[in-house]
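Peer 1: I have a structure here, written as structure tokens, and I will follow up with some questions on it.
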Amino acid sequence: MFSNKWVRSGLAIAVVLIAAAVVYFSFFQPPTLPPVIPITKLGQDVQLGNVKRISVNGATLNVTYRDGVTARSTKVSPEGSFEKTLNNLTVSPDRIAAVEIVYEHPTQFGDILQIGMAFLPLLFIGAILFFFLRRSQGGNNPAMSFSKSGARVFTGDQPTITFADVAGVDEAKLELQEVVEFLKEPDKFTGLGARIPRGVLLVGPPGTGKTLMARAVAGEANVPFFSISGSEFVEMFVGVGASRVRDLFTTAKKQSPCIVFVDEIDAVGRHRGAGVGGSSDEREQTLNQILVEMDGFDTDTNVIIVAATNRPDILDPALLRPGRFDRRVILDRPDMNGRKQILAVHTKGKPLAENTDLGAVAKLTPGFSGADIENLVNESAILAARRNQKTITMLELQQSIEKVIAGPERKSRLISAEEKRIIAYHEAGHALVMQVLPNCDPVYKVSIISRGMALGYTMHLPEDDRYLQRKSKFMDDLAGVLGGRVAEEIVFGDITTGAANDIASVTDLARAMVTRYGMSDALGQRTFGAREELVFLGREISEQRNYGEEVAKQIDAEVKRIISAAHAKANEVLSTYRAQLDAVAQRLMVAESIDRDELARLVARPQFAPIPELVAAPVASAG
Ligand code: ADP
Ligand code: MG
Ligand code: ZN
């Protein structure tokens, strides 16, 4: 990228230099001037009456003969009259009088032209230097609009996005409705002396529609929308970020009322003074400039700044104080109802088969963000097209859910019969333990078809959206995740690497129970380890030990105890249900995948009333 740029500008310099050389040499080709004659010859010609006109320019004489021929000659000295010179050449006075003698202005135009020509190449080089200097300051900016804000503007002409395109976030819409009203009728608010919201911060995980929402606000209010992302401010050479902010706001103020949207503001808005090296200085300047601009708004400046971030925790506190981004609108992952509405938005205009039940799809997609749902609908449309169908059916939707959760199927992967047996028992082990233990989420599908990196997978989904997790569920979940490994132990008397991911997730969960959730009786209700973000590494989280060696040992012992308990539980289940384990594994080897109903026929789900618990995300336990 970098070297490429230099090659390109090098080429450009070469072309310009060659052009300059061509121009230079064509200008400096000696002009075809009339021949020079001696002054004595000129005297003789005047005496003979052949000369019509002589123009005197300093010491230069331009001679025109009566027959039209021209010639040049030189006077001995620039001073003194030319008539006198002719007299000295013994030309008779009447002959001199017959010649038209003109004196030109002593500052010679020809000379100026020549001087100009001499400077022409210099001018060229100067222009080239100037051009490239500007260019290099503009940096990587492809538009070469050195220090121009580079914001994209969306105005009323294009098909606008409105609140109707954003589904399942009714509270956020309600909050932003106020902003829309203000943009539409600013006078109504200012008339009552209300202070206008200046900054609105949209907060939410990736893909929850923050960018979409900002555009919808502009669309609803029907005002211009300037969009720039935080990283675009920072990408350039030092000092340009701040000037971009200035340009952006200058332009925006001219177009008010309007919306300035700063996407991913965490790229510039991190805590100041926390970073390392030059880039953080640049960020600091950019952030300061944003703050200055926001403070500089008059009450009649109808510019509203909408910013989006998924990391509000790392934003500089100065951004969040009143008068700046004092309004926060949370966009969370949609609940079941919200997912249904988002599905409706994205399937609008797509031919759906009659059997499709968007409610059922919504139920199968807990934890999906709006972007995931859009992706899911798109995948199923592609699938239907590849199958030459006229409509999208439930089958495509279901298969796309699996694809979005677990990655694309890899049917071509060749697996030996022996390995297939191991994988089948491993997955059957997961499925059985999850099916039998009451606190586990119901199994939605078991499969030994490779997907993404996993050789097989057991997909289990919660019945409802959950926001809280219970310790008893964690314990059953741990047993379910260990079910694969335990099945290998029981059936083959040996263990494989297939459980590596399971082991890792079990360790993480057990450790979190002890150190973060206070779920260990031995260690009590406290957290262990201070989590800290390393700013210069961006997303890295480091855990700082704030406990001693003795406690570290206790934590390890507790983690081990929890995992052992889960292992024992899985072992108990699979030993008790050994016959069903064989049945599920056999069926898997034949059919490659088993759905929820078939599994229920092989192993009945215990008749516990479903516990109304809440879970954050779907867990596809793989491996
Ligand atoms: P974010 O900026 O929060 O990361 P985006 O606004 O870029 O997410 O969303 C990506 C895409 O996901 C959108 O273009 C839209 O198609 C879809 N999407 C996200 N949330 C919603 C929603 N609430 N309603 C409809 N579509 C949504
Ligand atoms: Mg976005
Ligand atoms: Zn596994």
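Peer 1: Tally time: how many residues in region 417-426 are within 25 Å of P606 (Cα to Cα) and either of a type in the set (G, A, S) or modelled with pLDDT under 95 (or both)?
Peer 2: 1
Peer 1: Would you mention how many residues in region 406-434 are within 30 Å of V377 (Cβ to Cβ), in contact with a helix residue (DSSP H, G or I) (Cβ under 9 Å, 6 or more places away or on another chain) and within 15 Å of ligand 3 (Cβ to nearest atom)?
Peer 2: So the answer is 4.
Peer 1: Let me ask another. Would you check which residues across region 79-100 are exposed (fewer than 14 other Cβ atoms within 10 Å of the Cβ) and part of a helix (DSSP H, G or I) and list them?
Peer 2: Within region 79-100, K84, N88, P93, D94, A97, A98 meet the criteria.
Peer 1: Only one of these is away from ligand 2 (no atom under 15 Å from the Cβ), closer than 26 Å to V179 by Cα, under 19 Å from the mean Cα position of the chain (by Cα) and modelled with pLDDT of 85 or more: F233, F261, F226. Name it.
Peer 2: F226
Peer 1: Which condition from (1) out of contact with any Ser or Thr (no Cβ under 7 Å at 6 or more places or on another chain); (2) surrounded by 11 or more Cβ atoms within 10 Å (Cβ to Cβ); (3) modelled with pLDDT of 80 or more is the one that G538 breaks?
Peer 2: Here G538 meets the rest and fails (3).
Peer 1: Look at I373 and say whether it is part of a strand (DSSP E or B), of a type outside the set (D, E) and either under 30 Å from F249 (Cβ atoms) or away from ligand 3 (no atom under 16 Å from the Cβ) (or both).
Peer 2: Numbers: part of a strand (DSSP E or B): no; of a type outside the set (D, E): yes; either under 30 Å from F249 (Cβ atoms) or away from ligand 3 (no atom under 16 Å from the Cβ) (or both): yes.
No; evaluated as a whole, the condition is false for this residue.
Peer 1: Oh, and also: Hey, does region 340-352 have a residue that's at pLDDT below 90 and either within 16 Å of ligand 3 (Cβ to nearest atom) or assigned to a strand (DSSP E or B) (or both)?
Peer 2: no
Peer 1: Could you grab me the full set of residues in region 181-216 that are away from ligand 2 (no atom under 14 Å from the Cβ), within 17 Å of A308 (Cβ to Cβ) and not in a loop (DSSP other than H, G, I, E, B)?
Peer 2: If the condition is that a residue be away from ligand 2 (no atom under 14 Å from the Cβ), within 17 Å of A308 (Cβ to Cβ) and not in a loop (DSSP other than H, G, I, E, B), then G199, V200 are the ones that fit.
Peer 1: With respect to the numbered conditions (1) surrounded by 13 or more Cβ atoms within 10 Å (Cβ to Cβ); (2) at pLDDT below 80, which one is the sole condition not fulfilled by M117?
Peer 2: So the condition that M117 fails would be (1).
Peer 1: Going through region 473-509 one residue at a time, which ones are touching a Pro at 6+ places or on another chain (Cβ under 9 Å) and either more than 15 Å from Q435 (Cβ to Cβ) or within 16 Å of ligand 1 (Cβ to nearest atom) (or both)?
Peer 2: Passing the criteria: none in range.
Peer 1: A further question follows. Can you find even one residue in region 325-339 that is touching a residue at least 60 places away in the same chain (Cβ under 8 Å), touching a strand residue (DSSP E or B) at 6+ places or on another chain (Cβ under 7 Å), in a helix (DSSP H, G or I) and farther than 28 Å from P462 by Cβ?
Peer 2: No, region 325-339 contains no residue that is touching a residue at least 60 places away in the same chain (Cβ under 8 Å), touching a strand residue (DSSP E or B) at 6+ places or on another chain (Cβ under 7 Å), in a helix (DSSP H, G or I) and farther than 28 Å from P462 by Cβ.
Peer 1: Of the residues A371, A384, A428, only one is surrounded by 15 or more Cβ atoms within 10 Å (Cβ to Cβ), within 16 Å of ligand 2 (Cβ to nearest atom) and not polar (S, T, N, Q); which?
Peer 2: The unique qualifying residue is A371.
Let's see how each residue does on (1) modelled with pLDDT of 80 or more; (2) closer than 28 Å to K184 by Cβ:
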residue: D266; (1), (2): yes, no
residue: A274; (1), (2): no, no
residue: I290; (1), (2): yes, yes
residue: G296; (1), (2): no, yes
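Peer 1: Assess whether A172 counts as being buried (at least 19 other Cβ atoms within 10 Å of the Cβ), in contact with an Asp or Glu (Cβ under 8 Å, 6 or more places away or on another chain) and in a helix (DSSP H, G or I).
Peer 2: Taking the combined requirement at face value, the residue does not satisfy it.
Peer 1: Right, next: Among the residues in region 457-470, are any assigned to a helix (DSSP H, G or I), in contact (Cβ under 8 Å) with a residue 60 or more places away in the chain and basic (K, R)?
Peer 2: no
Peer 1: Now a separate question. Being outside the structural domain of T211 (by TED's automatic domain parsing), over 21 Å from Y444 (Cβ atoms) and of a type in the set (D, E) is the requirement here; does E354 meet it?
Peer 2: It is true that E354 is outside the structural domain of T211 (by TED's automatic domain parsing), over 21 Å from Y444 (Cβ atoms) and of a type in the set (D, E).
Peer 1: For region 387-414, how many residues meet the condition of being more than 24 Å from A353 (Cβ to Cβ) and exposed (fewer than 15 other Cβ atoms within 10 Å of the Cβ)?
Peer 2: Final tally of qualifying residues: 5.
The values are calculated or read from the model by the stated rules, or taken from the named source; none is laboratory data. Since the model is a prediction, treat every value here as computed from it, not as a measurement. All Cβ positions, even for glycine, are placed from backbone atoms using ideal geometry, and neighbour counts span all protein chains on display.
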